[in-house]
1. Can we say Asn231 is out of contact with any helix residue (DSSP H, G or I) (no Cβ under 8 Å at 6 or more places or on another chain) and either more than 23 Å from Gln54 (Cα to Cα) or without any contact (Cβ under 8 Å) to a residue 60 or more places away in the chain (or both)?
2. Out of everything in the stretch 163-190 that is more than 16 Å from ligand 1 (Cβ to nearest atom) and touching a strand residue (DSSP E or B) at 6+ places or on another chain (Cβ under 6 Å), what residue ends up being nearest to Leu325 (Cα to Cα)?
3. I'd like to verify a number: residues in the stretch 122-136 that are within 14 Å of ligand 2 (Cβ to nearest atom) and crowded, with 21+ Cβ neighbours inside 10 Å, how many?
4. Here are the criteria: (1) more than 16 Å from ligand 2 (Cβ to nearest atom); (2) within 19 Å of the chain's Cα centre (by Cα); (3) under 30 Å from Cys191 (Cβ atoms). Tell me which single one Tyr280 does not satisfy.
5. Quick check on my filter: what residues within the stretch 12-46 are open to solvent by 30 Å² or more (accessible area, probe 1.4 Å) and farther than 28 Å from Ile166 by Cβ?
6. So Ala151 passes all but one of these: (1) without any contact (Cβ under 8 Å) to a residue 40 or more places away in the chain; (2) away from ligand 1 (no atom under 15 Å from the Cβ). Which condition number does it fail?
7. Need the failing condition index for Leu467 against (1) in the same structural domain as Glu380 (by TED's automatic domain parsing); (2) surrounded by 14 or more Cβ atoms within 10 Å (Cβ to Cβ); (3) not basic (Lys, Arg), just the number.
8. Output the qualifying pairs, or none if there are none: Cβ atoms under 8 angstrom, residues six or more apart or on different chains, first residue in the stretch 495-521 and at positive phi, second residue more than 16 Å from ligand 1 (Cβ to nearest atom) and open to solvent by less than 50 Å² (accessible area, probe 1.4 Å).
Amino acid sequence: MTLSLNNLFTKELPADNLSDNTPRPVYQACFSFVSPKIPSNPSLIHLSIDVAKQIGLEPEELEDDDFLAIFSGTKIYPNTQPFAMCYAGHQFGNWAGQLGDGRAINLMEVTHEGKNFTLQLKGAGPTPYSRTADGLAVLRSSIREYLCAEAMHHLGVPTTRSLSLISTGDEVLRDIMYNGNPAYEKGAVVCRVAPSFIRFGNFEIFAARQDHTNLKLLADFTIQHYFPSINETGKEKYIQFFDAVSKSTLDMILNWQRVGFVHGVMNTDNMSIHGITIDYGPYGWLEDYNPTWTPNTTDNQHKRYRFENQPQIGLWNLYQLANALYPLIEETQGLEAILDAYTKEYDAKYLQMMQSKLGLQIQHTSDRSLIQELIDLLQEIETDMTIFFRNLSLVLKNDTPATALSKIEFAFYKANDCNESIALKWHNWLSKYIDRLQLEIVSDAERSIAMNQVNPKYVLRNYMAQLCIDAAEQEDYSILKELFELLQKPYEEQPEYEKWFAKRPDWARVKIGCSMLSCSS
Ligand code: AMP
Ligand code: MG
């Protein structure tokens, strides 16, 4: 197996000078060298040929014994030194101090076709940043991360990618409900891939410690290697960097809102400076359109990371990054201007995004209210977000409101809920919508094609991941393979998989892992 190494992070940035793995504060260092835990009986469950290709691996190299050895943490690839990064973060709005890669180990950094990639194992054992935890990951959470990252990529949402999913043969103890009933579960490691795994928190830790030397080193490194189009020097360079992070963060969140993804733990240590979705934990997908929903049980009380709050949280997190970069700039003006622009820009882009979901290509002043009325109506009775938007593309310019309603009512969880008064509201809205469609120049067929490129037919519904996990616990990976295939083409009709174009079944309403998730991964 041959990979083209660059190992920029470890070559150019300061390392922790201690090499022991005991949990401890690490100062004046961007990372610590660590060794992955050797699994007792590693076995490959799944790999992504597409991601392998991206990093420069040929299909025949995937058959190599080395593939399993290296991506399970059994063997170290020649001329590499695995490392865990040091970072801090704000968790649920509070400063949490040093966190770091507690169960992530960067194996190596490679270059392929002019692009840089860091290959990182999640669940490969303890590091100096593991605090009181074990550095391991269970099969259930590894499947969720592995599948969802690939699903998001194919949905067009910026994300880390998944290279491989390997069961370790080791058991991991978890108290899934945090109720004093821990149990052993199967362990696994995922190899994930990103341009880098640098987070907002990597900057926050140096700013908090007033270690401005390393703050500058890390910022210069990040800009030089990952933001090469920034040509400015001095303060302006860091302002441009912040602007780029702000814009990509906004775009990522806009995409989450488009497809109904709820991250669940938008702490600043889970925010990538590349504006890619990172750290798939207790995430979930909106099924019935409930903007106040969060899948994360830990956040049940305040619902800080609920669906509708994600854009604002993105901004809150950017404020923390701005504070962290401030010592390099020592002026608030430039940073404030970028933060002030965020809300306006989000509003404008949100409108465009929703117009595209409705198939509205020309601009019209009534669109804002049409969209707001729809958002309100979607919450009147339990209505499936994905099915609603997908089926909306079936509505024709010369439909009556009643015909149009018959095309979307499959999205209602209980047909009976659509009583006379609800039906009347839908008739009113659909009649406005059909009137509005008359202004569109494109044909019904063309509009439908455009809508089907932004409104996915298939997403990784919470119950689908759970069915896959239940089977995988019994070493049946058939659903995993099927979902992996299905989610490669989320916008295409796939008649053989029509059964996955379905509302959440009743049993999933209250089942752990489907309607609610904990962080016990
Ligand atoms: P998360 O919310 O999953 O992104 O994790 C927050 C912090 O806890 C990060 O610093 C993780 O590295 C750490 N962490 C989470 N789970 C574990 C674990 N099982 N072992 C060690 N550290 C962990
Ligand atoms: Mg994290």
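The values are calculated or read from the model by the stated rules, or taken from the named source; none is laboratory data. All values reported here derive from a predicted model rather than from experimental measurement. Here the Cβ positions follow ideal geometry from the backbone for every residue, glycine too, while neighbour counts run over all protein chains shown. We work out accessible area using only protein heavy atoms, side chains counted, and drop any ligands, DNA or RNA first. Shrake-Rupley method; radii C 1.70, N 1.55, O 1.52, S 1.80 Å.
1. yes
2. So the residue we want is Leu163.
3. Selection size over the stretch 122-136: 5.
4. Only one criterion in (1) more than 16 Å from ligand 2 (Cβ to nearest atom); (2) within 19 Å of the chain's Cα centre (by Cα); (3) under 30 Å from Cys191 (Cβ atoms) is unmet by Tyr280, namely (1).
5. Glu12, Pro14, Asn17, Leu18, Arg24, Pro25, Tyr27, Gln28
6. With respect to (1) without any contact (Cβ under 8 Å) to a residue 40 or more places away in the chain; (2) away from ligand 1 (no atom under 15 Å from the Cβ), Ala151 is out only on (1).
7. (1)
8. What qualifies is Gly513/Asn462; Gly513/Ala465; Gly513/Gln466; Gly513/Ile469.
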